[in-house]
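Working notes, beginning with the structure itself.
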Amino acid sequence: MREYTVLALVAAAATVLLELSVLRTGVFRDRRYWITLAICYGFMVAVNGWLTKLSSPIVLYNRNHISGLRPIWDIPIEDFVFAFPLLTLTLGRWLQTGGAARGR
Amino acid sequence: MAACVVVTLPLELVVGARVWREPARLLRSVGPVLIAFATWDAFAIERAHWSFSARYTTGWEIPLHLPVEEIIFFAVIPVCALLTFEAVDRLVGTR
């Protein structure tokens, strides 16, 4: 079984469910979140690509556990899914710990 | 990873994102997520989903065979995301 593929999808789905039903940080309704996500995914291609490029990889993936789709600079497509809970949970926690009255 | 810190530092110093200046909040945001992803990482290493080049890593490990580089990754990347978020807040507006 392609365990990384499955785990990444489960983690992404769990993050959406967790946010909407338990954490309720409001992160998905926040325009700043979506802009941040877009910027981070942009930079992710450079950083992740440097880690995963097959010409001199730093992180090596077990071919039995990934789909084999590596669209840009050999980044496994699973990594793009993996990044979603990492970014979403961090930004959600940040909103949660911010307190209501924050001076700008 | 050091480059990521350097590249995002102006967001704090020039744009005025207040992330490094709220260390307690930063720890409470990044800490739990770091623990969750380190756990995933340890499982993935145990199950051989991925491994690391001996040539490009220090070989220093914390328990559960986690390379120190991974811990640095799961600390640095979220901080960069928070700096981006706060910079967007300053430059684009709250919502």
Discussion item. All but one of (1) surrounded by 16 or more Cβ atoms within 10 Å (Cβ to Cβ); (2) β-branched (Val, Ile, Thr); (3) within 15 Å of the chain's Cα centre (by Cα) hold for B:Val5; state the number of the condition that does not hold.
Written reply: (1)
Fill in: Neighbours by Cβ (under 8 Å, 6+ apart or cross-chain): first from segment A:61-80, under 23 Å from A:Cys40 (Cα atoms) and basic (Lys, Arg); second modelled with pLDDT of 95 or more and not in a loop (DSSP other than H, G, I, E, B)
A:Arg70/A:Thr52; A:Arg70/A:Ile77
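I'd like the residue in segment B:49-72 that is at the interface with another protein chain (Cβ under 9 Å from one of its Cβ atoms) and of a type outside the set (Ser, Thr, Tyr) and, out of all such residues, is nearest to the chain's Cα centre (by Cα).
This residue is B:Glu69.
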Worksheet item: Quick one: in segment A:31-56, which of the residues that are away from chain B (no Cβ under 11 Å) and part of a loop (DSSP other than H, G, I, E, B) is surrounded by the most Cβ atoms within 10 Å (Cβ to Cβ)?
Response: A:Lys53
Response to the item:
Among B:Gly16, B:Gly93, the single one that is facing chain A (nearest Cβ under 9 Å) and farther than 29 Å from A:Arg2 by Cα is B:Gly93
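To keep it simple, each residue is scored yes or no on (1) touching a strand residue (DSSP E or B) at 6+ places or on another chain (Cβ under 6 Å); (2) crowded, with 19+ Cβ neighbours inside 10 Å.
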{"site": "B:Val30", "(1), (2)": "no, yes"}
{"site": "B:Ala42", "(1), (2)": "yes, no"}
{"site": "B:His49", "(1), (2)": "no, yes"}
{"site": "B:Phe52", "(1), (2)": "yes, yes"}
{"site": "B:Arg55", "(1), (2)": "no, no"}
{"site": "B:Gly59", "(1), (2)": "no, no"}
{"site": "B:Leu64", "(1), (2)": "no, no"}
{"site": "B:Val68", "(1), (2)": "no, no"}
{"site": "B:Leu83", "(1), (2)": "no, yes"}
Fill in: Qualifying residues in segment A:57-90 (those that are among the charged types (D, E, K, R) and surrounded by 17 or more Cβ atoms within 10 Å (Cβ to Cβ)) - the one nearest to B:Phe85 (Cα to Cα)
A:Asp79
Practice prompt. Name every residue in segment A:22-67 that is in contact with a helix residue (DSSP H, G or I) (Cβ under 6 Å, 6 or more places away or on another chain), within 16 Å of A:Gly98 (Cβ to Cβ) and not aliphatic (A, V, I, L, M), in order of residue number.
Written response: A:Thr25, A:Arg32, A:Tyr33, A:Thr36
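The values are calculated or read from the model by the stated rules, or taken from the named source; none is laboratory data. Treat the numbers as computed from the prediction; the structure is a model and nothing was measured. When we count neighbours, we look across all protein chains shown, and the Cβ atoms used for this are built from the backbone with ideal geometry, even at glycine.
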